[in-house]
Amino acid sequence: MSSQTDDELWSAIGDPSRRQVLDLLVSNGEVSASWLAGQVPFSRQAVSKHLVVLERAGLISRRKQGREVLYQVQADRLDQASRAMAGLAAQWDLRLGAIKRLAEAAHTENKRGYAENKSGEGHDG
Amino acid sequence: MPGLMIDRDVLIEAPAEVVWRTITEPDQMSLWFADRVDLVIEPGAHGYMQFGDQGGPVVVEIVDPPARFSFRWNYPSGEEPVAGNSMLVEFTLTPEGDERTRLRVVECGHELRDWPDAEKQRYADEHREGWAEFFDRLATVVGKRQ
């Protein structure tokens, strides 16, 4: 998770505009940059920049067809990102589960201690 | 991992003060997080966490008991964690009734420390939805292709 490649992957997906471009590619298969530019609220230049970043991260690939360049998602790489993300989330769920158990046990213990002190005071007094 | 953002939460049947001790006391931290935690809970304090036979430095950012605690780490690279090379982990504790606390953790690669709270919240909300939707859709597409 700490390699240069993974950093590129996460920063590529981290940008909401790039996720939008990626989303369009995921839903529409192989399309051109001009087609993408027609679907998003930002410029054709911005689309081109996003495509470069996504390609560098290995999330999409390009192919020339006649005079057009067509882009499509690399499903394996996306799947890998999605699994890594789910793995990290699951890790935090395990940690939160452990915190919950520890805090609830400590709280029960505190309450019992308090009750014993009180009953102790009662007996003494 | 700039851009990555994880956002999870859990409801705990204990007051915020108890949850606070569980997440900040080094002895307790070693029960749910690293195997060994050398850390003073003060803003700016530098410490160390050991995971198995690997470990890395950690820097405490926000200490606001019993509501907010954050630290920065970049396990397992070993470099000193600063904005840009590391992940920020932020815990938020919100009481829900007398003896119940919602504990939320956000781990992200962005530098959020100097942002106003409202701005941070907006960013987190946008991204949480963005991420969730994105990965839901992705799961569907990837599922179809397999």
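Residue exposure proxy: A:79, B:98, ordered by other Cβ atoms within 10 angstrom of their Cβ from fewest to most, comes out as B:98, A:79. Take the alpha carbon gyration tensor of region A:9-78, find the square roots of its eigenvalues, order them as a ≥ b ≥ c, and report rounded if a/c is under 1.5; if not, report prolate when a/b exceeds b/c, else oblate. Judged from the Cα gyration tensor, region A:9-78 comes out oblate (a/c at least 1.5, b/c at or above a/b).
The calculated FRET efficiency for the pair residue B:99 and residue A:17, based on their C-beta separation and a Förster distance of 45 Å, comes to about 0.50. By the beta-carbon count within 10 Å of each Cβ, the least crowded to most crowded order of A:114, A:71, fewest first, is A:114, A:71. Here the dipole of region B:5-111 is about 120 debye; that uses its Cα centre as origin and unit charges on the Cβ of Lys and Arg (positive) and Asp and Glu (negative).
In plain terms, the residue of A:9, B:39 with the fewest other Cβ atoms within 10 Å comes first and the most crowded comes last, giving B:39, A:9.
I'd like the GluC sites (Glu not before Pro) in region A:57-125 restricted to DSSP loop residues with at most 11 other Cβ atoms within 10 Å, sorted by number. The qualifying sites: there are none. With respect to chain A, whose longest principal axis is taken over its alpha-carbon atoms, helix A:16-28 is tilted by about 60°.
For the residues of B:35-45, the average number of beta carbons from a partner chain within 10 Å of their own beta carbon is 0.
Secondary-structure-derived ellipticity at 222 nm for chain A, considering helices only, amounts to -25500 deg cm²/dmol, per-run term -39500 (n - 2.57) for DSSP H runs with n ≥ 4.
FYI, it's all coordinate maths here, none of it is from the lab. Since this is a predicted model, take the numbers as computed values, not measurements. Glycine also receives a Cβ, built like all others from the backbone with ideal geometry; neighbour counts cover every protein chain displayed.
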